[in-house]
Amino acid sequence: MNRSWLAALCLAACTHAPEITTEPAGPTPADPGAAFAWDAPGQRIAFAGKGLRIRDAATGKEQVLAQPSPSGVCWSPDGLQLVAAFPNATGSTLKVLNLEGKVVREATVAGAVRGLAWGRAAGILAAGTEVQKFSFGGHLRTLLHRWPADAEPVLTVASETTLMPAVAHHIGTDLVRGQQLALAPLEDEVVYSRLVSPPDVPPYQEIVLRHLATGAEKAVAQIGLAPGTSTFAADGEEIVVCEATCQRVDPWSGRRTPVANPGATLQQPAPQVAAALPAQAQAGRLLELRKLRDQGLITPDDYAAQKAKVLQP
């Protein structure tokens, strides 16, 4: 996608034998509601279409990396690998593949996963849902998995909610397709979506900002059940939330500013917006300030004042 912190995700099984194909009748169509991800330069797109494919934007040549089609896919920060999520009988299978289609590593995790993100320090992050249906309704858990390079995935149950019978009956693929996950440029926070199903109003998705180390959370926005997008702005301080239109949301003041849709499509990558990352010494202090702010130990105004001092030349 257009930014290294943008992402998407879910899991299951795949083959290891790649093939380069050229479609005489045009490019391979994507699966309905397909997961896809552009690489950072906007030169290649990985997508679900009769398997997991990579298409070269300039030549149209396609490489089939795996079967069956994944529910989520994300590029590594260096663009040399992909992580894909495949549904299985008990949850999802996450597979890291190189560009020849070889599975470098894999792990089985709970839940149906679509939201995926991959950071240099944070490792692979996956967001998914797990639903139990009963005659009297259902129970839904929103799950966050963190998969370091040298360890097994670690599960965090981000939220749990009871579903009314009518809602539980209709929960399925559409909910998985709507699952979102994005990693902040400093890799200390994520935004993800979770279902909220009050007894007296229609269900909706809540966009939540979460500090990875502390688990501190803050609801940022509400959107419908149809797939949308939410990601960090380039400065890492505000969230861009898109449904029919897009808004830049300040999680701390609630200020909303309309913006043009920055999202990528299957035909066109999003424009490149470089994150203005501070120097290492500044980043360390800034991470501490962000942690204190997210925990409510300093006010947003205190954070802004201290950040200005940290970033002074």
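Just a few scattered comments:
- When the residues of the range 277-313 are filtered to those that are touching a residue at least 60 places away in the same chain (Cβ under 8 Å) and closer than 27 Å to Pro41 by Cα, the one that is surrounded by the most Cβ atoms within 10 Å (Cβ to Cβ) is Ala283.
- Ala213 vs. criteria modelled with pLDDT under 95 and aliphatic (A, V, I, L, M): no
- Candidates Gly254, Gly296: the one that is at pLDDT 95 or above, in a loop (DSSP other than H, G, I, E, B) and more than 20 Å from the chain's Cα centre (by Cα) is Gly296.
- Top-ranked residue in the range 45-61 [being charged (D, E, K, R) and touching an Asp or Glu at 6+ places or on another chain (Cβ under 7 Å); ranked as surrounded by the fewest Cβ atoms within 10 Å (Cβ to Cβ)]: Arg55
- Residue check for Leu140: buried (at least 21 other Cβ atoms within 10 Å of the Cβ), modelled with pLDDT of 95 or more and in a strand (DSSP E or B): no
- Selected residue (only one of Leu11, Leu80 is of a type in the set (A, V, I, L, M, F, W, C), out of contact with any His (no Cβ under 7 Å at 6 or more places or on another chain) and at pLDDT 95 or above): Leu80
- Selection status of Val196, modelled with pLDDT under 90 and among the β-branched types (Val, Ile, Thr): yes
The values are calculated or read from the model by the stated rules, or taken from the named source; none is laboratory data. Computed from a predicted model, the values in this text were never measured in an experiment. Here the Cβ is made from the backbone with ideal geometry for all residues, glycine too, and neighbour counts use every protein chain on show.
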